[in-house]
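**Q** After the structure tokens below, expect a handful of questions from me.
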Amino acid sequence: MPEESMSSDLKPQQPSAVRIYGKAGSAIAYTIRDFLARCDIPFEWIELRSDEEARMKASAENLQDPRLPVCVFPDGTRLESPTQRQIIEKLGWYRDPSHTEYDLAIYGAGPAGLGAAVYGASEGLKTIVIERFAVGGQAASSPKIENYLGFAHGISGAELAERAREQACRFGAEILLGREGVRGEFSTGKRVGYLADGTKIVARAAICATGIEYRRLGVPNEERFAGAGIYYGAGSSEAAQCWKEHVFVVGGGNSAGQAALHFARFASKVTMVVRGDSLKSTLSKYLIDGIYATPNIEVLTHTEVVAVHGDELLHAVTLTNNQTGQQQTFETSRLFVCIGGLPHTDWAKEVGVVRDEAGYIVTGPDLLHDGRPRNGWPLERNPYYLESNVPGLFAAGDVRHNSVKRCASAVGEGAMAVTFVHRYLQEG
Ligand SMILES: Cc1cc2nc3c(=O)[nH]c(=O)nc-3n(C[C@H](O)[C@H](O)[C@H](O)COP(=O)(O)OP(=O)(O)OC[C@H]3O[C@@H](n4cnc5c(N)ncnc54)[C@H](O)[C@@H]3O)c2cc1C
């Protein structure tokens, strides 16, 4: 594989790929690659290594030129250091809400939000979806989902998400990408959401499907290397850039296992850093079998990352054995962190939505004490299974207290939430 022109996957590069020119460690370039990979849009990453290359290939003055990274689209359009919104606009996906009021507003376009969008829109509800980044959520960062019903040979999370986006849009759902819900207001009887850009979304019912945020390692200097050597999630967009390198994957769960197997196709060596004593209790059997059958994957158990080192880029990581205390530093420029996440539901706290200690939204039977809900529940009936303590506000997928953290269950909860939305709306 040529070093300077590597695709986002092993499949042959399509001539229609977006070309991204930038220097190593550019966090903006990483965000662009990550966004395009999640949207299942082919791209070519052309890493500029000298001022001369910056001039010749990207028409920039030098490697420090603030116009880098440069994106060149198949139609020849050139975007310099583009914002996420500019890219979404260029893809033709930027839109404003077309109605002043919706039947259903869905926050988050991961599997749960997309599931709700397909069922809501196909069942005649005027449906809008608000997604702060790209469709697919965590699943879109998965190189291969092997346990999703109907895909016997697996499917990449990005492809699954893109299919679902298309399906939801075909049924008439409106999807606002790159827009973040930041505040809710329920006092008017409507479910009103305010987006970070000031847009107001009014709906008769709402589903919160905002999933979880990747958990940080909590080591000094970590933020400095985010996108410049430290990546959160399975880093699908980065695999091809790991060619013949030694990369590290932190975590012992399914997402870490998938990431390790994927990187092993490109990297010379993959080291899995696992805090516990084995993979058995945390990983699906098919992944364990795959890992132990792959000679260039090494598993270090009882091990944690305690320090990261570098200048502008990550150069090394220090690991410690949590039984012996022995430390060792390894040179690497890529560390992938797959240690789960936590929900970001501060907005819910502000408006009295009941959450558990970790911030997950509590719904249905979990709200009951002696058979009845507390916290000022205003109706005769008890909350529906996925309904929060605010009537007409539902939660689906990973953001929900006690949810099963799986793609299929998130999609299922999204679909199920729509059934309860219908019941709620029929109550008038
Ligand atoms: C690398 C990886 C591999 C995985 N592999 C598998 C697998 O093989 N099989 C399996 O069953 N499960 C797998 N999982 C787990 C599965 O992907 C998750 O359980 C599933 O994605 C949860 O879906 P969700 O819609 O509830 O939440 P998420 O996927 O977390 O999606 C939430 C969405 O909400 C958006 N959002 C958050 N806050 C806001 C806001 N304020 N406003 C607007 N949008 C917002 C986020 O950007 C995100 O797109 C994997 C997870 C990872 C990370």
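Derivation of every value follows stated rules applied to the coordinates shown; laboratory data play no part. Values in this document were obtained by computation on a predicted structure and should not be read as measured data. Neighbour counts are summed over all protein chains in view; Cβ atoms, including those assigned to glycine, are modelled from backbone coordinates with ideal geometry.
**Q** Return the aspartates and glutamates within reach of residue 244: Cα separation strictly under 17 angstrom, same-chain partners fewer than 8 residues apart disregarded; answer none if there are no such residues.
**A** 3, 4, 9, 47, 298, 331
**Q** Let me ask something additional. Give the Cα extents of the range 124-227 along the principal axes, in whole Å, largest first.
**A** 44, 43, 18
**Q** Residues of the range 18-32 with the amide nitrogen closer than 14 Å to a label point 7 Å from the Cα of residue 245, along Cα-to-Cβ, please.
**A** Only 23-27, 29-31 pass the distance filter.
**Q** Okay, moving on. Straight-line reach from residue 405: which lysines have a Cα under 22 Å away, not including same-chain ones fewer than 8 places off?
**A** Correct list for residue 405: 144, 280, 285.
**Q** Which FRET efficiency, nearest 0.05, do residue 380 and residue 147 yield, Cβ-Cβ r, R0 45 Å?
**A** Here the calculated transfer efficiency is 0.65.
**Q** Using the Kirkwood formula on the Cα atoms of the range 230-321, what hydrodynamic radius do you get, in angstrom to one decimal? Walk me through the numbers on the way to the answer.
**A** Details: mean 1/r = 0.0751 Å⁻¹.
Computed over the range 230-321, the radius equals 13.3 Å.
**Q** Sticking with this one: Compute the FRET efficiency between residue 56 and residue 24 as 1/(1 + (r/R0)^6), taking r as their Cβ-Cβ distance and R0 = 22 Å, and round to the nearest 0.05. It would help to have the intermediate numbers written out before the result.
**A** Working: r = 17 Å, r/R0 = 0.78.
So, using R0 = 22 Å, E works out to roughly 0.80.
**Q** So, one more: Evaluated at 25 °C with a viscosity of 0.890 mPa s, what Stokes-Einstein diffusion coefficient in µm²/s does the chain have when Rh comes from the Kirkwood expression over alpha-carbon pairs?
**A** On the way: Rh = 22.7 Å.
Answer, rounded: 108 µm²/s.
**Q** Mean residue ellipticity at 222 nm from the helices of the chain, using -39,500 (n - 2.57) per DSSP H segment of n ≥ 4 over the full residue count, to the nearest 500 deg cm²/dmol? Mind dumping the intermediate values first?
**A** Values: 9 runs with 96 residues, N = 428.
Taken over the chain, the calculation gives -6500 deg cm²/dmol.
**Q** Beyond 24 Å, what share of the Cα-Cα pairs of the range 66-159 is found? Please give it as a whole percent.
**A** Details: 1781 of 4371 pairs.
When every Cα pair of the range 66-159 is considered, 41 percent fall beyond 24 Å.
**Q** Taking neighbour counts of Cβ atoms within 10 Å as a proxy for exposure, in what order, fewest first, do 387, 89 appear? Intermediate results must be reported in sequence, preceding the final value.
**A** Details: 387 26, 89 15.
Lowest count first: 89, 387.
**Q** Straight-line reach from residue 57: which lysines have Cα under 20 Å away, leaving out those fewer than 8 places along the same chain?
**A** Result set, ordered by chain and number: 23.
**Q** How would 374, 132, 78 line up from fewest to most surrounding beta-carbon atoms within 10 angstrom? Don't jump to the answer; show the numbers that get you there.
**A** On the way: 374 11, 132 18, 78 14.
Going from sparsest to densest Cβ surroundings: 374, 78, 132.
**Q** Further question: Assuming 0.36 nm per residue, please report the length gained on full extension of the stretch residue 326 to residue 123 beyond their Cα-Cα distance.
**A** Extra length available between residue 326 and residue 123 comes to 67.2 nm.
**Q** Using Stokes-Einstein with the Kirkwood hydrodynamic radius over Cα pairs, what translational diffusion coefficient do you get for the range 280-428 at 25 °C and a viscosity of 0.890 mPa s, in µm²/s rounded to a whole number? Walk me through the numbers on the way to the answer.
**A** Numbers: Rh = 19.3 Å.
The Stokes-Einstein estimate is 127 µm²/s.
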